[in-house]
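K.L.:
Mind having a look at this structure? Questions to follow.
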Amino acid sequence: MNPIPFNKPLLTGHELDYIREAIESGKISGNGMFTKKCHEFFKSRFDFSGTLLTSSCTDALEMAAILADIKPGDEVIVPSFTFVSTANAFALRGAKIVFADSEADTPNIDCTGLEKLITKRTKAIVPVHYAGVACDMDTISELAREYKLYVVEDAAQAIDSFYKGKPLGSLGHFSAFLFHETKNIISGEGGMLVVNDLPYMNRAEIVWEKGTNRSAFWRGEVDKYGWVDIGSSFLPSDVTAAFLYAQLEHLDQIQAQRRALWEKYYKLLEPLGAEGKVRLPFVPDYATNNAHMFYLICGSLDERNELIAHLKSHGIYAVFHYLSLHKSPFNQGKHDGRELPWSDLYTDRLVRLPLFYELSEQDVNRVTDAISAFYAKR
Ligand SMILES: Cc1ncc(COP(=O)(O)O)c(C=O)c1O
């Protein structure tokens with residue numbers, strides 16, 4: 001039987017045409033024609049104020065940390081159940097990372113315990129919209145207003161998803177998107193910084209361009225450019241942007257297909273959920289589902305590992321991810337010792353099922369049949 005991979009990057013059809021167009025235009029370095037087209041797309045589609053493509057989501061988070069002026073001694077609140085970059089971008093600037101637990105219902109940051117983590121040194125909160133499902137942004141924004149904190153949304157998984165009708169990525173001061181090949185919209189590697197507070201956009205462009213005012217120079221606003229601030233080389237080549245633009249043109253089609261597959265998984269696995277054998281994903285009323293991921297929560301670490309092995313023996317590749325960051329080797333002796341039980345639970349028990357555009361309905365049947373057979377024996 002054909003193997004079912006965990007992911008298969010989608011080619012929509014125009015990627016190579018646009019890459020050729022970029023090459024024939026004679027300019028394939030950063031901030032070219034396709035970079036501008038992508039920026040315009042995000043502005044018109046999601047009403048984002050300022051957008052800058054980056055080479056990765058890590059880059060976008062690092063830019064946000066610079067723009068928020070994070071300094072040694074500052075504290076930044078980050079969920080423990082996330083990718084290293086969510087925290088590392090701020091640790092790089094000398095911040096102390098204060099880890100928050102996840103919610104019981106979703107792997108998102110638990111907002112009920114958030115206020116207790118805020119001290120005089122707290123400078124920012126970094127919510128991660130896990131699986132593209134929004135965090136409780138009203139609570140986060142209210143705390144940020146009251147304590148004068150920056151909010152940086154890690155929207156790596158959150159393209160085309162909404163909180164109370166507002167697009168994710170538009171709710172914090174800054175947000176970071178990801179276009180890695182496992183995401184809904186891809187460019188191999190790639191990311192984007194969104195700047196929702198426009199006064200920061202001028203500095204953001206400088207940070208993006210190695211600390212120089214080259215963007216202003218290209219627009220003819222200054223007659224020469226030079227070193228005006230700190231920064232790095234955060235912008236991707238226009239070849240990457242050309243690939244990305246071809247994907248963006250198919251956003252609706254991609255999302256419709258992913259949602260249909262997600263719904264099918266949910267419907268077929270609902271009986272197992274009802275029997276209490278697994279937990280299915282939960283989407284709060286305030287959030288939408290962008291079908292980035294279909295995950296299950298198993299009963300234990302052993303059960304999760306046995307399920308992954310069972311699926312593999314049927315040619316189906318399921319994976320797990322995120323290891324509680326507060327328990328990571330880098331944080332030995334740095335974390336304050338609080339237990340974060342939900343983060344640990346998701347670390348041990350979450351399993352992600354194959355979900356990609358070209359997955360067929362029969363593939364979904366095969367995956368869910370194999371899962372049902374596994375639980376029938378337990
Ligand atoms: C939540 C989250 N944030 C940030 C990143 C970093 O993205 P990149 O690989 O583009 O640097 C990842 C990568 O998996 C992620 O899952």
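K.L.:
Can you give me the angle between helix 301-313 and the longest principal axis of the chain, using Cα atoms only, in degrees from 0 to 90, rounded to the nearest 10?
P.N.:
Roughly 90 degrees between the two axes.
K.L.:
Rank these for me by crowding, Thr182, Thr82, Thr347, Thr112, going from fewest to most other beta carbons within 10 Å. Walk me through the numbers before you get to the answer.
P.N.:
Working: Thr182 19, Thr82 26, Thr347 22, Thr112 11.
Starting with the residue having the fewest Cβ neighbours, the order is Thr112, Thr182, Thr347, Thr82.
K.L.:
While we're here: As a test, work out the antiparallel percent of DSSP beta bridges whose residues both lie in the chain, rounded to the nearest 5.
P.N.:
Working: 22 of 37 bridges.
Antiparallel: roughly 60 percent of the beta bridges in the chain.
K.L.:
How large is the helix-only mean residue ellipticity at 222 nm for the chain, computed as the sum of -39500 (n - 2.57) over DSSP H runs with n ≥ 4, divided by its residue count, in deg cm²/dmol to the nearest 500?
P.N.:
Details: 12 runs with 140 residues, N = 378.
After summing the helix terms and dividing by residue count, I get -11500 deg cm²/dmol.
K.L.:
State the Kirkwood hydrodynamic radius of region 103-236 in Å, one decimal place, computed from all pairs of distinct Cα atoms.
P.N.:
The answer is 16.4 Å.
K.L.:
Number of Lys-Lys pairs in region 25-128 under 22 Å by Cα, sequence gap 8 or more or different chains?
P.N.:
Total qualifying Lys-Lys pairs in region 25-128 comes to 9.
K.L.:
Project the alpha carbons of region 171-309 onto their principal axes and report the range along each, largest first, in whole Å.
P.N.:
69, 33, 30
K.L.:
If the chain were replaced by its equivalent ellipsoid, with semi-axes equal to the square roots of 5 times the Cα gyration tensor eigenvalues, what would those be, largest first, whole Å?
P.N.:
On the way: eigenvalues 243, 150, 55 Å².
Semi-axes, largest first: 35, 27, 17 Å.
K.L.:
Just flag the GluC sites (Glu not before Pro) in region 234-311 sitting in loop per DSSP whose Cβ has no more than 12 other Cβ atoms within 10 Å.
P.N.:
Details: sites: Glu249, Glu263, Glu275, Glu303, Glu306; in loops: Glu249, Glu275.
Counting only loop positions with at most 12 other Cβ atoms within 10 Å, the GluC sites (Glu not before Pro) in region 234-311 are Glu275.
K.L.:
Let me ask something else about it. Quick check: residue separation of His250 and Glu221 times 0.36 nm, minus the Cα distance between them. What number comes out in nm? The partial results should precede the final answer.
P.N.:
Details: separation 29, 0.36 × 29 = 10.44 nm, distance 3.51 nm.
Length difference between fully extended and current span is 6.9 nm.
K.L.:
Please report, for the Cα atoms of region 237-378, the Rg to one decimal and the Dmax as a whole number; what are they, in angstrom?
P.N.:
Calculated on Cα positions, Rg and Dmax stand at 17.8, 53 Å.
K.L.:
Also, quick follow-up: On a C-alpha basis, how far is the centre of region 249-289 from the centre of region 177-247 in Å? Whole number, if you could?
P.N.:
33
K.L.:
Which loop-located trypsin sites (Lys or Arg not before Pro) does region 224-274 contain, where loop means any DSSP state but H, G, I, E or B and the Cβ has at most 15 other Cβ atoms within 10 Å? Walk me through the numbers before you get to the answer.
P.N.:
Working: sites: Lys224, Arg258, Arg259, Lys264, Lys267; in loops: Lys224.
Those satisfying the criteria are Lys224.
K.L.:
Using the 10 angstrom Cβ neighbour count as an exposure proxy, how do Ile206, Ile23 rank, fewest first? Display every interim value, and only then the final one.
P.N.:
Details: Ile206 23, Ile23 13.
Ascending number of Cβ neighbours within 10 Å: Ile23, Ile206.
K.L.:
Using the scaling law 2.2 N^0.38 Å as the reference, what is the normalised Cα Rg of region 295-378? Before the final figure, lay out the partial values.
P.N.:
On the way: Rg = 15.6 Å, N = 84, 2.2 N^0.38 = 11.8 Å.
Normalised Cα radius of gyration, region 295-378: 1.32.
K.L.:
Fewest Cβ neighbours within 10 Å first, please rank Thr368, Thr86 accordingly.
P.N.:
Values: Thr368 19, Thr86 26.
So the residues, fewest neighbours to most, are Thr368, Thr86.
K.L.:
Here's a follow-up. Given region 185-254, what whole percent of its Cα pairs are spread farther than 19 Å?
P.N.:
Working: 1135 of 2415 pairs.
When all Cα pairs of region 185-254 are counted, 47 percent exceed 19 Å.
K.L.:
I'd like the GluC sites (Glu not before Pro) in region 154-206 restricted to DSSP loop residues with at most 15 other Cβ atoms within 10 Å, sorted by number.
P.N.:
Values: sites: Glu181, Glu189, Glu205; in loops: Glu181, Glu189.
Passing sites in region 154-206 are Glu181.
K.L.:
Please report the spacing between the Cα centers of region 303-372 and region 56-100 in Å, no decimals.
P.N.:
Using only Cα atoms to place each centre, the spacing works out to 24 Å.
Just so you know, all these numbers are worked out from the coordinates, no wet-lab data involved. On a predicted model such as this, the values are computed, not experimentally measured, just so you know. For neighbour counting, all protein chains shown are included, and Cβ atoms are generated from backbone atoms with ideal geometry for every residue, glycine included.
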